[in-house]
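Asker: Would you mind keeping the following structure in view while I ask a few things?
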Amino acid sequence: MNGVNVKKPRTLRRVLRYVGKYPISLIGSLLFSLLTVAATLCVPVLFGDAIDCIIGKGNVDFDGLIAVFIKTAVAVGVAALSQWLASLCNNRISCNVVRDLRKDAFAKIRKLPLQYVDTHAHGDTVSRVIADAEQFSDGLLMGFTQFFTGITTIFGTIGFMLITNWKIGLIVIFLTPLSILVARFVATHTHKFFVEQAKTRGEQTAFTEEAIGGLKTTQAFAHEDENEQKFNEINGRLEKAAMNATFYSSLVNPSTRFINNIVYAIVALIGALDVASGTVIAGAAFTVGGLTKFLSYANQYTKPFNEISGVITELKSAFACAARIFQLIDEKEEVSDKDKEEMGEAEGYIDLENVYFSYVPEKKLIEGLSLKANKGQRIAIVGRTGSGKTTLINLLMRFYDVTGGAVKVDERDIRTVTRRSLRGNYGMVLQETWLKSGTVRENIKMGKPDCSDEEMIAAAKAAHAHSFIKRMEKGYDTLLSEDGGSLSEGQKQLLCITRVMLALPPMLILDEATSSIDTRTERKISDAFDKLMKGRTTFIVAHRLSTIVNADCILVMENGHVVEQGTHSGLLQAGGAYAELYNKQFS
Amino acid sequence: MKKLFVYFKNYKLQSVLGPFFKLLEALFELFVPIVVGLIVDKGLGAPVNGAYPNADTGYIVKMCLLLVGFGLFGLVFSVTAQYFAARAATGVAADMRKDLFKKLQALSYKDIDTLGTATMLTRMTSDVDRFQSGVNLALRLFLRSPFIVFGAMITAYFVDPASIGVFAIAIAALAVVVFAVMFICMPLYKKTQGKLDKVLLSTRENLTGARVVRAFCLEDEEKELFDKRNEELNKGRKFVGAIAAITNPLTYVLVNFAIIALIYSGAIRVDIGNLSQGSVLALYNLMSQILIELIKLANLIVTVTKAAACGGRIAAVLDMQPSLTVEDDCQKETTGAFVRFDNVTMRYNDEGEPALSNVSFAVNKGETVGVIGGTGSGKTTLVNLIPHFYDVETGDVFVDGYNVREKGAQSYLRESVGVVPQKAVLFKGTVRENLLWGKADATDEALWTALKMARADEFLLEKQGLETPVEQGGKNFSGDQKQRLTIARALVRKPEILILDDSSSALDYATDAELRKGIRALNTTTFIVSQRASSVRDADKIIVLDDGKTVGIGTHNELMQTCEVYREIYFSQYEDGGETV
């Protein structure tokens, strides 16, 4: 809680900076709101005057009435028009500010180090850009429309009441805030119910997520009844917690309304007595019309007063949301490489010199790794899960920066060139495929947007993807939903391979690139792979040792260290870790 | 939607009492303008030259106390109403969640595939929550607003029958405005929601695909796309906002012109002597109340419409019929085979290609069967038909002589078939709890035997044995450890049929071989699905699938002679002839 409080003024200032980008709307909003309040405050006064024109039988001032009505019509017109204009301004501000915030947040996402992307739940980041921004927008809009008008209304009303009848005015001013006290009392005492509700709901969501996510397993083991029992137990508790939270928090409105009703009764009492006794205030007798004005004002004054506590809560949570977005925008970016040179087309000599790296300082991973790959060489990396294979690839592509030593391409430290130009020289196929929502064509042409359809089809044929793409509903123009949708893992991998076959970069990284493809198809595309790798420096990570026997150099990794290095036959003869791994496969 | 009303049956009393007490509260609010009118007319008495010599102070005090009394009654009634509304809303929501969960658990594999986990989760959580607050609000306020609006009109009739025309016209005009704006805005809101989904898609894709986007240097294109979608959302928002913003000013104008009309017509009748000043005041106050109520109603309608949309989605799930067929009268067949497929064809969706076509084979008790074939050849589909996870389109599947569709066979199938699915799923809790899923009353000894056979004993001993905690999704275990644990879980139940669906893919070859040897010794009828020829070559029978068709059934040696596809698979993993690579 403290952390949030400290940040609050900073958040406010930053929000204002975003709002400040739209000065005309801002001024318009303030001006029109002010005009709205002034005009709406006039209306009850005018109606009060109108009531005063109607005294009794044969005692009605029709001329005065018409005059008052004309004034009223003007006031109402002005109020309505300025209210609409103010809404337009507010709407514009809140929509644009949120658009700008989202834009900045997204711009940030592309500059975040992969470390952040890997270690933070994607759902959380998405909810900052979407849900938090949404709530912030709602809060901002509400704040603009109600906060300012609310406060001006309150002051306007107080001023008017004090001038016309200071006695009643003072009573209203001192009594009405009671409703805020009551509201606060209820809020603090119901907080624990809300906490309880949120906790139980979280528990239920977590359980449901697991039960539904593993539903097939649950059914396979006929475990439905046990799950249901547990669910119902949590559900029962949630019902109670929800009941408490809902009921106790709903006490706010009736109790504040009760206080307002009392204020109303008192105004009626004192006002009526003043009228009866003919009390003279500010040089004029207090009339029935004056009482009417006061009663309307008592209503009008209490309304924003009651609402303002709600607006403040809303604003508070809007600012909390804004703070979460700012937190994302403030994340440390990748070291900028604006001033670095472009790499150009690389030859493909790769050097790792005494490289140190770990994801977290406490857990050492790669220590003192050195490795040299000549142009066109095929380097295979084998080892158990967690031995550092994928880490090595992260370093080669500069998804992560080394903590010691250097990675060099063509004798140049990769930190001296732009990331873009470095990565442009690599073609990459990962075990975890990723396809974007769009057509098959868009996905394949990703690495070479300006290529012809003939080139694309040739690549797809080489990757043995052409036949299944052709069978799809609209061939290359078939729309894929997010992450490939109905395609099987193997088909997705084939598309990713096609992508690389089309782009033809000088260096390749194949991280379990064929893990989901059946061995028969794998064999069929191996020729194409061989052709692709010819003349290109290639790093291969593979589970199946059969795919790497032809490598120029095999690295066996264990706990971040290269424990063996050599060719397939050499390593087999040496009878070390590689030989053991290999024999395990085919014993 | 109608289906949802059933849920109010258990809360009939609360659902009626909630709005009822709210109406009582509203009734007292309607009395207030009348009392104020009385204070002016009777309390002050007839004015004489601007003074009130006949004022009745006692009467004024009495009436103001009455106002306080009304407030008190209002408080009591509205708290009572809130209580009943909350009771009904939370109760209905809880019952709904309970039924939803039950319903989801009873869905067939096919339904699970079509619905998707994310959808099921949102139905269970946010949709029910929204519905709950919608119900709560509707019970409290939905009847109240129309009641106040029409109540004000009726009260006005008693104050001054002639005024009813003005009220009727004003209310009709207001209704037209409110509903017209709503009618225009609702589809627009829906459209902007779709645009928001696009923005969300862009954001999520750039996180999940961060590596690929950067590897292909697509950051600029992606940013352009996001900015475009963001701008479209912004435009949509501003447009619908501008239209929605008309409601309040317009209702304000309407109500105030109605007040002018009221006062003017009132003035005419006061002049004749048919009406008093206090009555005009009362009419004015009644009309003001309508304005306040309408603003509340407009906000409420948005919330309730959203809640109704959620309710519709919930109802859609509740309406789903589990798609699995169960039949009563099936004959026990006497071919003697333990598992038999008779000309089975199966399709996941009606338009698509069949996942399996015309598959027939028979397996004897105790045999080990290998199922092999390329990606998408129908291996998993085939084994999923044995425990009746899916329905066949044509043909029959028999287990122990019974058709799997038969009603009586369902519980037998669930209890005697042990499945180790492709994706290793573990549940939060301890290793023991997870293993006991296999058989609730298994002894520790039996658990360890299963663990040993699945080669999961060693790494567990390094942790806390059976008490080792399992995090959600089994995150604290590596891929191969998870697979070993799920294999152990299936072994715990000592199944009559064991199905290993490519469930040793993360294991190294040596462990895989040891595991198979152990399972063979159990003499259980076993189905091993794999892409590795080495995993199935020792099987009594190997079924080779290609594009959903059986292209070969037999032993390794037979298939090497007769089956081209099998030979290709085999040679793609073993170099010609020998067993080396």
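The values are calculated or read from the model by the stated rules, or taken from the named source; none is laboratory data. For clarity, every value in this text was computed on a predicted model and none was experimentally measured. So basically every Cβ, Gly included, is an ideal-geometry build from the backbone, and we count neighbours across all protein chains shown.
Asker: Would a scan of region B:435-446 turn up a residue that is within 14 Å of chain A (Cβ to nearest Cβ) and in contact with a His (Cβ under 6 Å, 6 or more places away or on another chain)?
Answerer: Scanning region B:435-446, I find at least one residue that is within 14 Å of chain A (Cβ to nearest Cβ) and in contact with a His (Cβ under 6 Å, 6 or more places away or on another chain), so the answer is yes.
Asker: Right, next: Take region B:89-148 and flag every residue that is more than 9 Å from chain A (Cβ to nearest Cβ) and of a type in the set (S, T, N, Q).
Answerer: B:114, B:119, B:122, B:126, B:145
Asker: Any residue at all in region B:530-550 that's more than 14 Å from every other protein chain (Cβ to nearest Cβ), among the hydroxyl-bearing types (Ser, Thr, Tyr) and in contact (Cβ under 8 Å) with a residue 60 or more places away in the chain?
Answerer: Yes, region B:530-550 contains at least one residue that is more than 14 Å from every other protein chain (Cβ to nearest Cβ), among the hydroxyl-bearing types (Ser, Thr, Tyr) and in contact (Cβ under 8 Å) with a residue 60 or more places away in the chain.
Asker: Can you spot a residue in region A:465-473 that is modelled with pLDDT of 85 or more and under 32 Å from the mean Cα position of the chain (by Cα)?
Answerer: no
Asker: Tally the residues that are more than 7 Å from every other protein chain (Cβ to nearest Cβ) and of a type outside the set (A, V, I, L, M), restricting the search to region A:189-217.
Answerer: Selection size over region A:189-217: 15.
Asker: Right, another one. Within region A:218-227, is there a residue that is in a helix (DSSP H, G or I) and more than 21 Å from residue B:123 (Cα to Cα)?
Answerer: Within region A:218-227, one or more residues are in a helix (DSSP H, G or I) and more than 21 Å from residue B:123 (Cα to Cα).
Asker: Here's something else I'd like to know. I need a count of the residues in region A:527-573 that are out of contact with any helix residue (DSSP H, G or I) (no Cβ under 8 Å at 6 or more places or on another chain), of a type in the set (Gly, Ala, Ser) and assigned to a helix (DSSP H, G or I).
Answerer: Total satisfying the criteria: 2.
Asker: Out of A:502, A:495, A:508, A:422, which single residue is in contact with a helix residue (DSSP H, G or I) (Cβ under 8 Å, 6 or more places away or on another chain), crowded, with 18+ Cβ neighbours inside 10 Å and not in a helix (DSSP H, G or I)?
Answerer: Details: A:502 fails: not in a helix (DSSP H, G or I); A:495 fails: not in a helix (DSSP H, G or I); A:422 fails: not in a helix (DSSP H, G or I).
The match here is A:508.
Asker: Oh, and also: Please indicate, with yes or no, whether at least one residue in region A:443-452 is out of contact with any Lys or Arg (no Cβ under 6 Å at 6 or more places or on another chain), at pLDDT 85 or above and away from every other protein chain (no Cβ under 14 Å).
Answerer: Yes; the residues of region A:443-452 include at least one that is out of contact with any Lys or Arg (no Cβ under 6 Å at 6 or more places or on another chain), at pLDDT 85 or above and away from every other protein chain (no Cβ under 14 Å).
Asker: Pull up region B:371-430, narrow it to residues that are β-branched (Val, Ile, Thr), assigned to a loop (DSSP other than H, G, I, E, B) and within 10 Å of chain A (Cβ to nearest Cβ), then point me to the one that is nearest to residue A:218 (Cα to Cα).
Answerer: Residue satisfying both the conditions and the ranking: B:425.
Asker: Can you pull out the residues in region B:509-546 that are hydroxyl-bearing (Ser, Thr, Tyr) and more than 24 Å from residue B:341 (Cα to Cα)?
Answerer: If the condition is that a residue be hydroxyl-bearing (Ser, Thr, Tyr) and more than 24 Å from residue B:341 (Cα to Cα), then B:509, B:511, B:534 are the ones that fit.
Asker: I've got another one for you. Got a number for residues in region A:117-131 being more than 8 Å from chain B (Cβ to nearest Cβ) and at pLDDT 85 or above?
Answerer: Residues meeting the conditions: 0.
Asker: Restricting the search to region A:225-235, which residues are at the interface with chain B (Cβ under 7 Å from one of its Cβ atoms) and free of Cβ contacts under 8 Å to residues at least 24 places away in the same chain? So that I can check it myself, show each step before the final result.
Answerer: The first filter runs over region A:225-235 and keeps only residues at the interface with chain B (Cβ under 7 Å from one of its Cβ atoms), leaving A:227-228, A:231-232, A:235.
Passing the criteria: A:227, A:228, A:232.
Asker: While we're here: Quick one: residue B:246 ticks every box in (1) free of Cβ contacts under 8 Å to residues at least 40 places away in the same chain; (2) within 8 Å of chain A (Cβ to nearest Cβ); (3) over 33 Å from the mean Cα position of the chain (by Cα); (4) surrounded by fewer than 20 Cβ atoms within 10 Å (Cβ to Cβ) bar one, so which box is it?
Answerer: (1)
Asker: Sticking with this structure for a sec: Could you please find all residues in region A:410-462 being of a type in the set (S, T, N, Q) and out of contact with any Leu (no Cβ under 7 Å at 6 or more places or on another chain)? Spell out how you get there, then give the answer.
Answerer: Of region A:410-462, the ones of a type in the set (S, T, N, Q) are A:416, A:418, A:421, A:425, A:431, A:433, A:437, A:439, A:443, A:452.
Correct list: A:416, A:418, A:421, A:425, A:431, A:433, A:452.
Asker: Okay, next question. Test residue B:307 against the criterion of being in contact with a Lys or Arg (Cβ under 6 Å, 6 or more places away or on another chain), part of a helix (DSSP H, G or I), more than 9 Å from chain A (Cβ to nearest Cβ) and among the small types (Gly, Ala, Ser), and give yes or no.
Answerer: yes
Asker: Checking the conditions here, which among B:268, B:260 is out of contact with any helix residue (DSSP H, G or I) (no Cβ under 7 Å at 6 or more places or on another chain) and outside any strand (DSSP E or B)?
Answerer: When all the criteria are applied, what remains is B:268.
Asker: Let me ask something additional. Tell me, which helices (runs of 4 or more DSSP H) wholly within region B:83-168 include 2 or more residues that are over 30 Å from residue B:282 (Cβ atoms) and of a type in the set (D, E, K, R)?
Answerer: Result: B:109-115, B:128-137.
Asker: Can I ask one more? Can you tell me which residue in region B:520-565 is farthest from residue B:503 (Cα to Cα), limited to those that are among the β-branched types (Val, Ile, Thr) and in contact with a His (Cβ under 9 Å, 6 or more places away or on another chain)?
Answerer: B:542
Asker: Looking at region B:183-231 only, could you name the residues that are hydroxyl-bearing (Ser, Thr, Tyr), over 21 Å from residue A:121 (Cα atoms) and buried (at least 19 other Cβ atoms within 10 Å of the Cβ)?
Answerer: We begin by selecting, within region B:183-231, every residue hydroxyl-bearing (Ser, Thr, Tyr); these are B:189, B:192, B:202-203, B:208.
Retained after the next criterion (residues that are over 21 Å from residue A:121 (Cα atoms)): B:189, B:192.
The answer is B:192, and nothing else.
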